[in-house]
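Everything below concerns the one structure shown next.
What follows draws every value from the coordinates through simple rules; no lab data is involved. From a predicted model like this one, the values you see are computed outputs, not experimental measurements. Here Cβ is always computed from backbone atoms with ideal geometry, including for glycine, and neighbour counts include all displayed protein chains.
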Amino acid sequence: MFGNDMKGLTNDFTTEEIQEAIKTLKKRKSPGFDNILNEHLIYGGEAAIEGLCVLFNSVLHHERTPSQWGKNVLVPIFKGKGKSKSDPGFSLSDAMSK
């Protein structure tokens, strides 16, 4: 989400900003390494929004992202007989890192 360059961020995140960001998430997407579905965030209610706000503000103040946010699940795709095996497939990222 932020990488390691968060110097341009000066204000704390608000619950309203978190709620607006959650509204942009798509449903029915595969989870990443953390097994959290977008639906968990979408239907999590006020408690989830407040928890995310605390988490993101902690990341902002400490200027470090959780190491798990950089992990992805690689899913290979079978291209069929005679197709190149060099294609790595696709990567599933954690919902929290988006």
Mind checking the full-extension length gain between Ser30 and Lys71? Use 0.36 nm per residue of separation minus the Cα-Cα distance, one decimal, nm. 13.3 nm
About its Cα centre, how strong a charge dipole does the range 15-93 have in debye, to the nearest 20, once Lys and Arg get +1 and Asp and Glu get -1 at the Cβ? 900
Cross-link partners of Lys71 among aspartates and glutamates (Cα-Cα below 12 Å; sequence separation of 8 or more within a chain): Asp34, Asp94
Gain in span if fully extended, Glu20 to Ser91, counting 0.36 nm per residue against the direct Cα distance: 23.0 nm
